[in-house]
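Colleague: The structure under discussion is supplied below as structure tokens; questions concerning it will follow.
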Amino acid sequence: MVELGGLLCDTIVQVYGAKELVRRFSDPPFWFHALSLVIGFDWNSSGTTTATLSAIKEYYSRHPGRSLWQVARGGGTCQRQGRRSRPRKALAS
């Protein structure tokens with residue numbers, strides 16, 4: 001799930017640009033849910049958004065040179081635990 005989700009995101013960024021990937025992520029009922037189904041999550045399970053973002057975040061943590069953006073998720077968990085991440089480059093079109 002991690003590799004497939006990351007490779008799909010990489011492909012969208014290469015073909016359409018990073019802004020298009022973010023635009024697609026912002027459509028949870030359709031596109032984002034479809035992505036979670038394609039990478040192997042059950043269609044009616046709770047937590048698909050969290051699990052999908054976790055898989056994509058893990059992919060980009062394994063391949064740090066591929067991403068122009070950073071995945072943040074967890075309802076403020078990182079902030080509550082005092083962890084800070086280095087800002088990434090701004091989105092490129």
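The values are calculated or read from the model by the stated rules, or taken from the named source; none is laboratory data. These figures come from a predicted structure and were not determined experimentally. Don't worry about glycine lacking a Cβ; one is built from the backbone with ideal geometry, like all the others, and counts go over all protein chains shown.
Colleague: Filter region 1-25 for residues that are of a type in the set (Gly, Ala, Ser) and farther than 17 Å from Ser61 by Cβ and give the result.
Modeller: Gly17, Ala18
Colleague: Moving on. One residue is enough: does region 22-35 have a residue meeting the conditions outside any helix (DSSP H, G or I), under 12 Å from the mean Cα position of the chain (by Cα) and either modelled with pLDDT under 85 or not aliphatic (A, V, I, L, M) (or both)?
Modeller: The answer is yes, given that some residue of region 22-35 is outside any helix (DSSP H, G or I), under 12 Å from the mean Cα position of the chain (by Cα) and either modelled with pLDDT under 85 or not aliphatic (A, V, I, L, M) (or both).
Colleague: Follow-up question, since we're still on this one. Within region 6-20, work out how many residues are of a type in the set (A, V, I, L, M, F, W, C) and either more than 20 Å from Ala51 (Cα to Cα) or loosely packed, with under 15 Cβ neighbours inside 10 Å (or both).
Modeller: Of all residues in region 6-20, those of a type in the set (A, V, I, L, M, F, W, C) come to 7-9, 12-13, 15, 18.
Right, trim to either more than 20 Å from Ala51 (Cα to Cα) or loosely packed, with under 15 Cβ neighbours inside 10 Å (or both) and you get 7, 13, 15, 18.
The number of residues fulfilling the criteria is 4.
Colleague: Is at least one residue of region 46-59 at pLDDT below 70 and not in a helix (DSSP H, G or I)?
Modeller: No: region 46-59 contains no residue that is at pLDDT below 70 and not in a helix (DSSP H, G or I).
Colleague: Restrict the check to region 63-80 and report whether at least one residue is touching a His at 6+ places or on another chain (Cβ under 9 Å) and either at pLDDT 75 or above or among the aromatic types (Phe, Trp, Tyr) (or both).
Modeller: No, because not a single residue in region 63-80 is touching a His at 6+ places or on another chain (Cβ under 9 Å) and either at pLDDT 75 or above or among the aromatic types (Phe, Trp, Tyr) (or both).
Colleague: Just to be sure I understand the filter: pairs with C-beta atoms under 9 Å, separated by 6 or more residues or on different chains, first member in region 18-37 and basic (Lys, Arg), second member part of a loop (DSSP other than H, G, I, E, B). Which pairs pass?
Modeller: Lys19/Leu91; Lys19/Ala92; Lys19/Ser93
Colleague: Quick one: count up the residues across region 1-21 that are outside any helix (DSSP H, G or I) and either aliphatic (A, V, I, L, M) or touching a Lys or Arg at 6+ places or on another chain (Cβ under 9 Å) (or both).
Modeller: Within region 1-21, the first condition is being outside any helix (DSSP H, G or I), and the residues that meet it are 1, 17.
Remaining after also requiring either aliphatic (A, V, I, L, M) or touching a Lys or Arg at 6+ places or on another chain (Cβ under 9 Å) (or both): 1.
Residues in region 1-21 being outside any helix (DSSP H, G or I) and either aliphatic (A, V, I, L, M) or touching a Lys or Arg at 6+ places or on another chain (Cβ under 9 Å) (or both): 1 in total.
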